[in-house]
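Structure first, then comments.
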Amino acid sequence: MERPAAWINGIGIICAQDTSGPGFLSEIKENTTDFLSVINPDYKQFINPIAGRRMSRLIKMGITSARMALLDAQCEMPDAIITGTGLGSVEDTEKLLAEITADQNILNPTPFIQSTYNTISSQVAINLKCNNYNSTYVHRAFSFESALQDGLMQIEDGSAENILAGGIDEMTLIHLNIIRRLKHWKTEPVSNLALLEYNTPGALAGEGAAFFVAGSERNQNTYCAIRRVRTLYKPESIVACTDWINNTLQDAGILPGDIDLVILGYNGDREFDDIYNTVYSELFPGKPAAWFKHLSGEYYTAMGVALWLGANILKRQVIPAGVRFNDIAVSSIRNIVIYNQYRNEGHSLILLSSE
Amino acid sequence: MEELINKLKKEVIEQLNLEDITVDDIDADSPLFGEGLGLDSIDALELIVLLEKNYGLKIEDPKDGKKIFHSIRTMAEYITEHQKA
Amino acid sequence: MPRRVFVTGLGLISGIGKDLHENITSLLEQRSGIGKIRYLATHLRDEIPVSEVKFSNEELFRLAGIEPAEGYSRNALLGMIAAGEAFRHAGLNAMPGARTGLISATTVGGMDKCELYYNDFLTNDNRNIYIETYDCADSTQKIADQLGIRDYITTISTACSSAANAILLGARMIRLGYLDRVIAGGTESLTKFHLNGFNALKILDKEACKPFDARRNGITLGEGAAYIVIEAEDFAMKGGRELYAELIGYGNACEAFHQTASSPDGNGAFLAMKKALTMSGLEPGQIDYINAHGTGTDNNDLSEGIAIERLFGDAIPRVSSTKPITGHTTSAAGSTEAILSILCLTNNMILPNLNFEHQMPELHFSPVRELITDIKVSHVMSNSFGFGGNDTSLIFKKAGG
């Protein structure tokens with residue numbers, strides 16, 4: 001077996017489910033409002049109030065989950081801090097747009113600074129006084145994956161031993177209603193637990209933040225090995241997509257038959273969910289499957305939740321009942337494939353192993 | 001002047017999002033920057049916006065801000081002096 | 001052994017030219033693109049000079065080789081023009097069989113249209129197409145789709161160092177063998193959003209910027225797009241094409257000081273330059289020219305100047321900021337200035353730091369004031385330092401030298 005790309009040694013997550021205690025999704029919260037919003041932790045525990053007063057919720061989420069991941073990994077200073085966000089600070093951007101469209105000639109500087117996409121990576125670094133590599137990716141459903149890939153490549157080429165990479169996006173009601181015009185989201189509130197029963201177009205919107213510390217070495221807190229992170233842009237056909245998945249696994253020395261669990265990004269959008277059915281039946285028939293977007297809702301960096309889920313499953317050797325997609329039994333879980341696609345435009349895959 | 005000082009305190013708290021601070025916590029003569037409230041250069045810019053939006057007074061050069069924003073009282077004095085015109 | 005990375009194509013649209021050739025002509029004539037705002041409808045029109053690309057959106061469609069249509073931001077058009085030029089310049093359409101990536105950078109994305117139509121987004125369905133083009137990914141995808149690039153695409157947004165980081169990532173992916181060729185760079189069009197935003201920070205000069213001048217007053221914004229094609233050595237050697245430069249060093253460091261200011265001793269800049277230098281294997285004295293970030297703000301120029309002195313000691317190379325020529329093109333600055341630095345290598349010249357008059361008392365060096373030609377240039381360093389402390393430095397070497 002080849003040497004793994006890296007080890008996931010720490011995770012910090014803020015999402016719509018309770019992830020604070022030692023339990024592992026013993027209960028999935030039902031949500032019937034317009035979108036799934038996160039359970040906000042007590043940010044004051046992680047952020048100095050003087051610095052925090054000018055931070056939007058997105059930035060508080062980002063800094064807090066980043067710090068949580070570092071604490072979890074017992075990593076004081078990462079060699080790289082990399083963030084992926086599809087939309088950045090929606091709240092700050094909305095403030096500014098409201099001022100501009102009202103022909104206000106006087107803009108507030110704070111939301112302008114906070115609306116720049118790299119502000120999260122930057123403020124995490126300021127918080128830690130970390131002068132090391134720092135970057136931010138903003139490319140829809142590739143944002144988080146790009147951040148992760150960048151970090152893993154630095155471990156691979158020896159420029160880093162420990163990296164901090166995360167994905168974060170927020171949702172506001174204003175933004176939700178704008179995107180509803182495109183019919184990307186459900187036009188009416190739905191229940192996240194019954195999400196796949198509606199058979200209507202549009203996904204259930206959500207938000208969240210998830211940061212990960214990946215390292216070149218294991219430690220006592222290690223969750224799993226992260227073997228591959230790959231993205232695929234606008235495949236010409238579903239066959240191109242399944243070929244890509246097959247090739248990625250093959251490249252990692254894994255056969256589809258070696259996969260113990262497939263985690264899929266079903267989001268309730270009738271227009272695109274069928275892709276998951278095809279991928280599953282073509283490549284992983286008869287395999288245990290799980291899904292995650294009923295936990296978090298759909299957003300560009302939702303793969304962070306899937307990675308949190310997969311990493312915890314491997315560490316705990318337990319698949320929570322609430323994420324099961326089928327009832328196929330599994331004894332020991334060694335290899336997990338996470339596959340996601342956003343409107344058949346951005347496909348991504350993460351391969352995890354227990355060693 | 002006292003009424004303006006009180007008003008300013010409330011506006012500063014709101015503009016700078018000083019959530020845990022009340023009007024009574026701010027002394028009219030204490031420095032706003034450096035110690036105490038720990039305001040910084042971004043806050044100085046926000047105060048420039050406050051003066052323009054709420055009082056119609058434009059400060060072109062942020063360096064002038066140092067004197068004007070020294071304390072709530074100096075802000076109030078500046079406003080009183082320039083609004084008369 | 002990591003693969004060597006060569007530059008095989010350049011594409012540039014800026015305030016001084018619609019393509020590489022026009023830009024070179026303007027540079028040799030020492031012209032600046034800075035002037036009164038002509039195309040952007042803003043109340044700051046008569047107050048703040050900028051370096052606009054001297055074409056309307058209708059004209060940009062023509063330059064991009066597409067029929068005018070809804071759903072194209074100015075950003076996307078600029079990007080398509082420059083990336084297309086770089087692609088053709090490198091002869092990529094005739095060279096199949098290579099894994100090709102597109103790494104683009106932008107911060108404003110489709111904001112030029114969004115700020116016009118935001119009320120529509122809130123109240124009606126008339127402008128829905130522009131909702132989809134608002135984000136940073138849109139221009140990248142439009143470029144990728146026009147050029148047929150599929151193997152890897154992503155978008156970076158680290159303020160003023162974005163495009164430099166795009167080049168850095170592309171080089172890393174080539175060195176590690178994930179890609180054979182990358183079109184890397186950035187695009188940024190002027191918008192009311194960031195023009196007013198920078199104005200709110202009170203760092204815009206009311207006259208053309210004068211970097212490193214003791215009496216400097218701030219930034220002059222610009223717009224444009226710039227892309228370079230970088231290839232792994234074995235691919236770069238195919239087809240008998242011209243090699244413009246070799247990318248031999250890069251460094252990314254974070255200032256981690258304050259969101260909008262650099263530390264007084266220029267720590268982030270120092271570390272980024274040092275990393276690049278270490279990777280290149282060069283001694284400081286071997287750098288012939290630094291294309292500085294040099295924005296014209298009190299803070300950057302002091303901080304960068306001190307960092308240069310700290311790193312280069314007695315061997316400070318010739319330094320200039322070309323922002324008085326192109327304006328500060330923010331997310332396109334890193335690649336615009338990489339191209340300008342590469343042109344110094346290929347044309348054996350040093351570009352001037354226009355508008356400089358008064359020596360900064362804190363620094364021992366002053367920038368180059370006039371264009372220098374017929375001078376041997378073998379190694380150049382290009383600096384891009386962004387808000388939020390994202391600092392990146394690139395080092396290029398003359399190809400075949």
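Give just the number: which of (1) within 14 Å of chain A (Cβ to nearest Cβ); (2) not in a strand (DSSP E or B) does C:Ala184 not satisfy?
Result: C:Ala184 fails condition (2) only.
Hey, can you tell me all the residues within segment B:1-26 that are without any contact (Cβ under 8 Å) to a residue 12 or more places away in the chain and of a type in the set (Asp, Glu)?
B:Glu2, B:Glu3, B:Glu14, B:Glu19, B:Asp20, B:Asp24, B:Asp25
With the requirement that a residue be of a type in the set (Val, Ile, Thr) and in contact with a strand residue (DSSP E or B) (Cβ under 9 Å, 6 or more places away or on another chain), what does segment C:186-239 give you?
C:Thr187, C:Ile203, C:Ile219, C:Thr220, C:Ile228, C:Val229, C:Ile230, listed by residue number.
Cβ-Cβ distance below 7 Å, separation of 6 or more or different chains: which pairs start in segment C:131-151 with a residue that is outside the structural domain of C:Ala184 (by TED's automatic domain parsing) and end on one that is part of a loop (DSSP other than H, G, I, E, B) and small (Gly, Ala, Ser)?
none
Looking only at residues in segment C:227-256 that are part of a loop (DSSP other than H, G, I, E, B) and surrounded by fewer than 21 Cβ atoms within 10 Å (Cβ to Cβ), which one is farthest from the other protein chains (Cβ to nearest Cβ)?
Here the answer is C:Glu242.
Per-residue answers, yes or no, for (1) over 17 Å from the mean Cα position of the chain (by Cα); (2) surrounded by fewer than 24 Cβ atoms within 10 Å (Cβ to Cβ):
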position: A:Met77; (1), (2): yes, yes
position: A:Ile81; (1), (2): no, no
position: A:Leu87; (1), (2): no, no
position: A:Leu96; (1), (2): yes, no
position: A:Phe144; (1), (2): no, no
position: A:Ala147; (1), (2): no, no
position: A:Ile155; (1), (2): yes, yes
position: A:Gly158; (1), (2): yes, yes
position: A:Glu161; (1), (2): yes, yes
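Name the residue that is nearest to the chain's Cα centre (by Cα), counting only residues in segment C:300-325 that are among the hydrophobic types (A, V, I, L, M, F, W, C) and more than 13 Å from C:Ile290 (Cα to Cα). Quick ask: steps written out before the conclusion?
From segment C:300-325, those among the hydrophobic types (A, V, I, L, M, F, W, C) are C:302, C:306-308, C:311-312, C:315-316, C:319, C:325; that's our starting set.
In the following step, the residues that additionally are more than 13 Å from C:Ile290 (Cα to Cα) were identified as C:302, C:306, C:325.
Numbers: C:Leu302: 21, C:Ile306: 22, C:Ile325: 13 Å.
Filtering first and then ranking leaves C:Ile325.
Return yes when C:Pro96 is surrounded by fewer than 18 Cβ atoms within 10 Å (Cβ to Cβ) and closer than 23 Å to A:Tyr137 by Cβ and no when it is not.
Working: surrounded by fewer than 18 Cβ atoms within 10 Å (Cβ to Cβ): yes; closer than 23 Å to A:Tyr137 by Cβ: no.
No; evaluated as a whole, the condition is false for this residue.
Considering A:Asn199, A:Asn267, which residue is over 20 Å from A:Phe24 (Cα atoms), in contact with a Lys or Arg (Cβ under 6 Å, 6 or more places away or on another chain) and at pLDDT below 95?
Unique residue meeting the criteria: A:Asn199.
What do you reckon, is A:Pro201 touching a strand residue (DSSP E or B) at 6+ places or on another chain (Cβ under 9 Å), surrounded by fewer than 20 Cβ atoms within 10 Å (Cβ to Cβ) and more than 14 Å from chain C (Cβ to nearest Cβ)?
In short, yes.
Return the only residue of C:Asn165, C:Asn126 being modelled with pLDDT under 95 and not in a strand (DSSP E or B).
It is C:Asn126.
Output the helices (runs of 4 or more DSSP H) that fall wholly within chain B and possess 3 or more residues being crowded, with 16+ Cβ neighbours inside 10 Å, or say none. Give the steps one after another, and end with the answer.
On the way: elements: B:2-15, B:41-55, B:65-68, B:72-83.
Because the criterion is at least 3 residues that are crowded, with 16+ Cβ neighbours inside 10 Å, the helices (runs of 4 or more DSSP H) in chain B that meet it are B:2-15, B:41-55, B:72-83.
What pairs come out if I take residues in segment C:275-297 that are in a helix (DSSP H, G or I) and pair them with residues that are charged (D, E, K, R) whose C-beta lies under 9 Å away, six or more apart or interchain?
Every condition considered, the pairs that remain are C:Leu277/C:Glu283; C:Ser280/C:Lys397; C:Gly285/C:Asp314.
Determine if segment A:98-111 includes at least one residue that is among the hydrophobic types (A, V, I, L, M, F, W, C) and in contact (Cβ under 8 Å) with a residue 40 or more places away in the chain.
Within segment A:98-111, none of the residues are among the hydrophobic types (A, V, I, L, M, F, W, C) and in contact (Cβ under 8 Å) with a residue 40 or more places away in the chain.
Need the failing condition index for A:Ala252 against (1) touching a helix residue (DSSP H, G or I) at 6+ places or on another chain (Cβ under 6 Å); (2) outside the structural domain of A:Val124 (by TED's automatic domain parsing); (3) not acidic (Asp, Glu), just the number.
The one condition A:Ala252 does not meet is (1).
Check whether at least one residue in segment A:182-202 is under 30 Å from A:Ile81 (Cβ atoms) and touching a residue at least 24 places away in the same chain (Cβ under 8 Å), and report yes or no.
Among the residues of segment A:182-202, not one is under 30 Å from A:Ile81 (Cβ atoms) and touching a residue at least 24 places away in the same chain (Cβ under 8 Å), which makes the answer no.
Name every residue in segment A:102-120 that is under 26 Å from the mean Cα position of the chain (by Cα) and within 7 Å of chain C (Cβ to nearest Cβ), in order of residue number.
Hits for segment A:102-120 are A:Phe112, A:Ile113, A:Thr116, A:Tyr117, A:Asn118, A:Thr119.
What residue, of B:Ile72, B:Ile13, is of a type in the set (A, V, I, L, M, F, W, C), within 14 Å of chain A (Cβ to nearest Cβ) and under 13 Å from the mean Cα position of the chain (by Cα)? Even if it seems obvious, please write down each step before you answer.
Numbers: B:Ile72 fails: within 14 Å of chain A (Cβ to nearest Cβ).
Matching residue, one of B:Ile72, B:Ile13: B:Ile13.
Test each condition in (1) within 12 Å of chain A (Cβ to nearest Cβ); (2) more than 25 Å from C:Phe387 (Cβ to Cβ); (3) surrounded by fewer than 24 Cβ atoms within 10 Å (Cβ to Cβ); (4) in contact with a helix residue (DSSP H, G or I) (Cβ under 8 Å, 6 or more places away or on another chain) for C:Gly148 and report the one that comes out false.
Of the numbered conditions (1) within 12 Å of chain A (Cβ to nearest Cβ); (2) more than 25 Å from C:Phe387 (Cβ to Cβ); (3) surrounded by fewer than 24 Cβ atoms within 10 Å (Cβ to Cβ); (4) in contact with a helix residue (DSSP H, G or I) (Cβ under 8 Å, 6 or more places away or on another chain), the odd one out for C:Gly148 is (4).
Can you pull out the residues in segment A:132-176 that are part of a strand (DSSP E or B), closer than 20 Å to C:Asp135 by Cβ and facing chain C (nearest Cβ under 8 Å)?
Just the residues of segment A:132-176 that are part of a strand (DSSP E or B), to begin with: A:133-137, A:162-169.
So of that shortlist, the ones also closer than 20 Å to C:Asp135 by Cβ come out as A:135-137, A:166-169.
Answer for segment A:132-176, where residues must be part of a strand (DSSP E or B), closer than 20 Å to C:Asp135 by Cβ and facing chain C (nearest Cβ under 8 Å): A:Ser135, A:Thr136, A:Tyr137.
Within segment A:27-47, is there a residue that is among the polar types (S, T, N, Q) and within 14 Å of another protein chain (Cβ to nearest Cβ)?
no
Can you tell me which residues in segment C:328-348 are part of a loop (DSSP other than H, G, I, E, B) and in contact (Cβ under 8 Å) with a residue 40 or more places away in the chain?
C:Thr329
Hey, can you tell me all the residues within segment C:31-65 that are touching a helix residue (DSSP H, G or I) at 6+ places or on another chain (Cβ under 8 Å) and closer than 19 Å to C:Pro211 by Cα?
Hits for segment C:31-65 are C:Arg31, C:Ser32, C:Gly33, C:Ile34, C:Ile48, C:Val50, C:Ser51.
Which ranges mark the helices (runs of 4 or more DSSP H) fully within segment A:234-311 that have 1 or more residues being surrounded by fewer than 20 Cβ atoms within 10 Å (Cβ to Cβ)?
Filter on segment A:234-311 gives A:238-251, A:274-283.
The rows are residues; the columns are (1) outside any strand (DSSP E or B); (2) free of Cβ contacts under 8 Å to residues at least 24 places away in the same chain; (3) closer than 21 Å to C:Ala226 by Cα.
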{"residue": "C:Gly9", "(1), (2), (3)": "no, no, yes"}
{"residue": "C:Leu27", "(1), (2), (3)": "yes, no, yes"}
{"residue": "C:Leu40", "(1), (2), (3)": "yes, no, yes"}
{"residue": "C:Leu44", "(1), (2), (3)": "yes, no, no"}
{"residue": "C:Val53", "(1), (2), (3)": "yes, no, yes"}
{"residue": "C:Arg62", "(1), (2), (3)": "yes, yes, yes"}
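Condition check ((1) outside the structural domain of A:Ile155 (by TED's automatic domain parsing); (2) of a type outside the set (A, V, I, L, M); (3) modelled with pLDDT of 90 or more) across all residues:
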position	(1), (2), (3)
A:Thr19	no, yes, yes
A:Lys29	no, yes, yes
A:Thr33	no, yes, yes
A:Asn40	no, yes, yes
A:Ile50	no, no, no
A:Met68	no, no, yes
A:Cys75	no, yes, yes
A:Asp79	no, yes, yes
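Since A:Val190 meets every condition but one in (1) within 14 Å of chain C (Cβ to nearest Cβ); (2) under 23 Å from A:Val90 (Cβ atoms), which condition does it not meet?
So the condition that A:Val190 fails would be (1).
The values are calculated or read from the model by the stated rules, or taken from the named source; none is laboratory data. Model, not experiment: these values are computed from the prediction. All Cβ positions, glycine included, derive from the backbone under ideal geometry; neighbour counts span all protein chains shown.
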